[in-house]
Structures are given as C-alpha cells and as structure tokens.
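Heads up, the thing below is written out as structure tokens.
The values are calculated or read from the model by the stated rules, or taken from the named source; none is laboratory data. Every value quoted in this text rests on a predicted model; they were computed, and no experiment measured them. Heads up, the Cβs are rebuilt from the backbone with ideal geometry, glycines too, and the neighbour counts pull from every protein chain shown.
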Amino acid sequence: MAERLHPLSGFLRRVRAIARKEAIHLLREPRTVLVSFAQPVMLLILYGYCITFDLHNIPFAVWDQDRSEAARQLVRPLSAGAQSHTFWLVGYIAHPREIEPLLATARARFVLVIPRGFGADVAAGRTATVQALFDAADSNTAGVSAGYLVGAIAAHNARLATYAVARRHGAHVGAPAPAPSLAGGDTKLQWEPIDLRWRVFYNPDLASRRFIIPGLIGMLLTILAATLTSTTIARERELGSLETILTSPVGAGDLVIGKMAPYVLVAAANVVMVLVVGGLMFGTWARGNLLTLASLSLLFLLGMLALGMLISARAPNQQQALLFAILATMLPTFFLTGFTFPRSNMPWILQAISWPLPATQYLIAIRGVFLKGIGWRILWPQGLWMAITTLVLLIMATRIMRVSLARGLE
Amino acid sequence: MSAAEWVVETEGLTRRFDGFVAVDHLTLRVPRGSIFGFLGPNGSGKSTTIRMLCGLLKPSEGRAVVNGFDIERHPEPLRQSLGYMSQRFSLYPDLTVRENLEFYGGVYDLEPGPLAERIEQVFDQLRLREHGNDLTAALPLGWKQRVALGAAMLHQPPVLFLDEPTSGVDPASRRMFWEILDSLAVGGASIFVTTHVMDEAERCDLLGVMYGGHLIAQGTPAALKEAFPGFLYHVDAAPLLEALEAARRLPFVADAAMFGDALHVTLPADDPERLRRELESAGVTVRDLRRISPTLEDVFVQLIALRERAAEGAEGGGR
C-alpha cells in the first residue's frame, strides 16, 4: 500500500496525476487547442477590420438653395480633400425629388439643405438655419454621422464668431480659417482670440480597435475558459472512466483543480497571442505593466475555468455542457459587461445586474491597464472583486461536483 | 471465525431503484485470500452489489464491511483498500499503457519513484511490457483487459472487485487472465469476480449464485455440484427436438435441457428405465442413457430453473 504521508502531499500527487493526464489528452488531440487559437485570430480580424465603430468618408449630398459664398464656406471644410476624411461630398442636387433616391440607395447617408437666405442671415449676424436629412435605417451610423456633423457645424460657428469679433475690432479681415480636424489634435485657428483646442485622451486616434483589443481578451478568456473545461466531466462519464476514478481516493476538489490546470496554460497562451497578433496587426500595444495585466488576467481566468467546471459537473452530456457554457458566457459578456454597449447607457437595473459579473470588472481592469497604463494602485477594487468571485466559483464548482458525482453514480 | 477472516461481509444489504429491488437483503461472507465467483443471470443484482461494495452506490438498507471498513462510515480507507475493474472499459484510449497506469497510480497517491518500480512489476506480472508504450486504443481487447486489471491492482489493494473482466475476450487471453488472478490470490489478495463463463466459475474457490436480488446458493464448486437436487442423465436420442419436448412433458422429470447434441435430464428419483420407456413410447429412439455427474452449468441452470418455476407457481397461485 502507498505510504501515508501528509494529506497535502496526497492531494498534490492526485492533482498532478489528473493535470498530467489532461495535458496528454490535449497534446494527443491538438485540434481543441488549435481551434482555441484560431477563434481569437478570427475575432481580431473581424473586429479590427470589419466591425469598426468609427466612420470614415460618410457620403453626403448638398441641396444648396442659397448658392452664396457663405453656403460654400460651410460645405468646403466638410468635403473630401479637406483635412479630415470624415465626410465625403458626393454631389450637389437641385431638387427635393432627388433627396429620397439618394438616401434610399445609400449613395448618401445624409443630405444637407441650405435654405435660401442663409448667406444673408450670416452676414446680418442672425441665426441661420440649415437642415440635415439622415438615412437612419442604420441608426448607429446615422447617430454617429449626426454627431460628427453637429461637431463640424459647431466648428464652423466658432470660425464665424471669431471672424465677426475680429472684424469688429478692426483686425485683419481675411477668409475664415480652414476647418479643424474632427478627429482631434490641436486645432489652431489662423488668428486668435478664440483658440479651440481639444484633445482625446488614451485613444488619440479615437480608433475603436484600440478599445476592442482589451475587450476581445476579456471576451476570449470568458468564452474560451468556460467552454474548454465544460465538457471534461461529461467526457469521462461517457467514456466510463469516471466510475473507476470514483472508486479511488480522488475527491471533487482534486478533480476541479487537476482538470483546470492545463487549461490555464492554454488560455494564458491565447492571451499572449492576442496581445502580440493584435499589436502586430494594428500597432496597438498595452500601455500598462504586463505583470499587472497577467495577474489580473490569471485571477479572472481561474474564475472562468471554475465556471466551466461547475457547468461540467451538472451537464448530462458533452453537447449540453458546451451549449450551456456558450450561452452562460457569450450572451452576458457580449451584452452586459460593456464589451459592445457602454454600461453607462444601460438602465440602472441592468447596470446593477452587470456590475458584479467578473467579466465586467475584468473589462474595466484590462482596459485600464491596456489603454491607460494604470496599475494595481487604482485597479485593486477590481482585482479584489475578481479574487472573491473566483474563490466563490471554485468553492461552488467543488461542491456541485461532489454532489453531482455522488448522484451521478446512481 | 473472527471478522478479520472475512474480506467482505454484508448483512441485509438492500438496494432499491424506483420501486424495483435490485439487491434484496443480501447476507454474504467472503473469506480473505480467496477467489469468490459471483454468478447469476443478467439483472440478478451482481453489479449492483459490487457497486455498493466499492462505494459507488449507497445501500438503501443494511450494511457491508469490506476489508474491515464499513462502506458507509469509512469510505476513505475503503477506497485505498480496493481495486475495481468495471464492466465498462475505463482506460483512456488516447493514453499509452504506461500513461494509463501512471495516471491510476497517481490518483491512488503513489509517489513517482515507487510508482515507476511498481509499474515495472505489473508489466512483468501481467506480461504488458511488449506494448507498454503503445496507445491503449490500438491494443486487442485481451490486452486492454489486462491493462485495466493492472490499473486496478497498482496500489496493491487487499481486495479486487472485477465485474465481468473477461467478457468478449478470446479463450487464450481468458486463460492468461485467470492465471494472473490465481497468482494474485496466491499472493494473498482477495478477488471478487463476476462471470457468466462456467469454466471460469470452476476456477473459483467459492461461488455465490444470485437470482432476483437474492443469494440463492453458496459454496465451493464441488459442494454446489454435490448438492445438485436429483439425478442427472445424459440422453442421446433421435429426433432430438421431439425427445426434448417429450421429456419436458413427463411429470416425473424435474428438468430437461439441450446440451450439445444430447439432452441433460434431471430426475428427482433414480428411475432411468421409466424415462427410457416413456420416451420410446412417445416415438423417440433412445440410443444412449447414462447417469453423469452434473457440471457447474447444470447446477446453475437447475438453480435458476427451480427459482423461475417457483416464481411462476407463486404468480399462478396468486391469480
């Protein structure tokens, strides 16, 4: 019989035996691991290149009823060839009949209508009105275009005001300044006194892909970890090995820890890969300390692996386990954690529900490290919360495993 | 006998599944160091009993002590003291023989050094070395069964529970398997094995026959044959099927069964000439009629047939 040593050494030997066996399974069937690596690369490409939340070259048309210099000054900075590539002037129209077909065929996202008398109003210092008609079939694009347009018109207003002030003070009178860049940066008007400067922090080119990469890591860890471990017990049950294991001294805790161990490495390698591939593809690298990023990620990862084990303990077969793991992780991560939709826009009840999700806290933490370069000094509440949830999930996984193993043998 | 001499001891052990009683107040004593053969038709409660004794199923009633440990009160030491080979194949096909053994050794807390030595011993004892580094999936069934036995005995448990270990295995592998069991028993292990194969039952030190959740007979193979009720005759007759039907119709025949190209007929009273007369008057030619000593198969078939008849009688009487 085996020599009986300290109980902990028995636990470690059993865990090592289980972890080693799981690792061999992974190596002998590399498809699982390869798929786990292919998935994030595909997501990176999708989110990085296809699904960008930024807009460029928004096509628009102008119906200039006024045909004044003031009207042309309003349109000029919007049209292509100006500093910004935000808008793209597809052409002028002369009749309201032409508006609808343009919008319907999406040749223009909006039509800017400059009414008769616009130039006169501007010259007289009265408030001049322009109208913009949007194609809001895609409300997101319409909303963003409208936002950009409002910004552009505000900039033009600022120019006009400056011009007026300057003229009143008898200064040099020239043409209004070129349009400021919409995407930010220092915008110096050619002459003072109003000097509009604006700057975007953390994501200077306002690129959503910069924001997406840490989010992708969060989503990846959640889905990957839970799905990798979710089928493991059902597989042993189907194979018949579970019964034999259960006549051995192996307990629920040994199984949970032992089976999670190799997947920690797989998931960690995945994170490194997303960081490197994302960096090479888009030139966006983490600003913060990599150790901080690694420690926060590990905390979160352990929790998600435990979640997978928990699902595994309850699932009657591999298919159901996988399906449940995807449902339980993908949907909340996608919709509730702030990955796609900012939590601040959610009704308070959804904000309250989504706050305690470890993925929400992880997303806050990893965006903090990746984009702002902040560390544990600021992110300790997130770290603490993830540590708590991970511990709870581990305890729950072990308990449910114990109950389910005792019952699953019936 | 003192308790230490029994390796398995049950009292009123019962297991119910949704209104059906799989094991019904089983009281059983298995002496240490023996090969105990557990016989019975499918569904008679053999596997359920083994699964309770291994701690895989909780008894609904009664108690059981295995190797001195109460199965409900001391599950941890119980687990260290038994090895279990389930009916279902429990090895990992994508692991090599050695890796499978290393895994099972690890889960039984064996340290790496002693485990490696132990695996070498098991390789020699079970003649597994030749395919030690092959994937288990690629092995013939007879080899797989030996690897599974190796996994169950790595930690040198005093009790081995083997649930139909040789089902589907060819005769040569089966013989090798039983030679190994014999050597283990000589080495002091107690082996609790279920089988449907009568020449395997012959090799057991002690047999228990289960039927409908009850232990209906127990004893050494010789004692069971000795206790055969009635007199067994080998009847070579033609046409055989008509002879069988005729024999079964006779009121003084306890049992008649086809056995190869002849019949085995059990008579409660030793009157072979009456049997010959009656068969011939039914138009059957009797070529040979001689008394034989019962094989285990005769004993087994007879025991089950008696039970079935008793059950049918009870049902018929109830109506």
Checklist outcome for this item: The residue from A:301, A:336, A:293, A:275 that alone is crowded, with 17+ Cβ neighbours inside 10 Å, touching a helix residue (DSSP H, G or I) at 6+ places or on another chain (Cβ under 9 Å) and within 23 Å of residue A:233 (Cα to Cα) is A:301
Checklist outcome for this item: For the range B:199-220, pairs from a residue that is over 17 Å from residue B:181 (Cβ atoms) to a residue that is among the acidic types (Asp, Glu), with Cβ under 7 Å and 6 or more apart or across chains, are B:213/B:24; B:214/B:24
Next on the checklist: So if I check each of B:248, B:291, B:309, which one is surrounded by fewer than 18 Cβ atoms within 10 Å (Cβ to Cβ) and in contact with a Phe, Trp or Tyr (Cβ under 7 Å, 6 or more places away or on another chain)?
Outcome noted: B:291
Checklist entry - Tally time: how many residues in the range B:198-217 are of a type in the set (A, V, I, L, M, F, W, C), within 22 Å of residue B:159 (Cβ to Cβ) and either assigned to a loop (DSSP other than H, G, I, E, B) or in contact with a Leu (Cβ under 8 Å, 6 or more places away or on another chain) (or both)? => result 6
Checklist entry - Going by the conditions given, is residue B:102 modelled with pLDDT of 90 or more and either within 7 Å of chain A (Cβ to nearest Cβ) or within 12 Å of residue B:154 (Cβ to Cβ) (or both)? => result yes
Checklist entry - When residue B:41 is evaluated against the numbered criteria (1) part of a loop (DSSP other than H, G, I, E, B); (2) more than 12 Å from chain A (Cβ to nearest Cβ); (3) free of Cβ contacts under 8 Å to residues at least 12 places away in the same chain, which criterion, by number, is the only one it fails? => result (3)
Checklist entry - From A:399, A:367, A:377, which residue is charged (D, E, K, R), more than 14 Å from chain B (Cβ to nearest Cβ) and under 24 Å from residue A:331 (Cα atoms)? => result A:367
Item to check | Subset of the range A:22-46 [of a type outside the set (A, V, I, L, M, F, W, C) and without any contact (Cβ under 8 Å) to a residue 24 or more places away in the chain] | outcome: A:25, A:28, A:29, A:30, A:31
Checklist outcome for this item: Note on the range B:59-71: residues within 13 Å of chain A (Cβ to nearest Cβ) and either in contact (Cβ under 8 Å) with a residue 40 or more places away in the chain or exposed (fewer than 14 other Cβ atoms within 10 Å of the Cβ) (or both) are B:59, B:60, B:66, B:67
Item to check | Candidates B:91, B:110 - the one that is assigned to a loop (DSSP other than H, G, I, E, B), within 8 Å of another protein chain (Cβ to nearest Cβ), among the aliphatic types (A, V, I, L, M) and free of Cβ contacts under 8 Å to residues at least 60 places away in the same chain | outcome: B:110
Checklist entry - Can you name the residue in the range A:307-333 that is over 23 Å from the mean Cα position of the chain (by Cα) and of a type in the set (A, V, I, L, M) and is also surrounded by the fewest Cβ atoms within 10 Å (Cβ to Cβ) among such residues? => result A:323
Checklist outcome for this item: Exactly one of A:258, A:251, A:278, A:240 is assigned by TED's automatic domain parsing to the domain that holds residue A:388, of a type outside the set (Asp, Glu) and without any contact (Cβ under 8 Å) to a residue 12 or more places away in the chain, and that one is A:240
Item to check | Search result, residues across the range B:144-172 that are in contact with a helix residue (DSSP H, G or I) (Cβ under 6 Å, 6 or more places away or on another chain) and assigned to a helix (DSSP H, G or I) | outcome: B:147, B:150, B:151
Checklist entry - Just a yes or no: is a residue in the range B:72-84 among the aromatic types (Phe, Trp, Tyr) and within 11 Å of another protein chain (Cβ to nearest Cβ)? => result yes
Item to check | Options B:224, B:303, B:279: the member that is surrounded by 14 or more Cβ atoms within 10 Å (Cβ to Cβ) and either farther than 21 Å from residue B:196 by Cα or small (Gly, Ala, Ser) (or both) | outcome: B:279
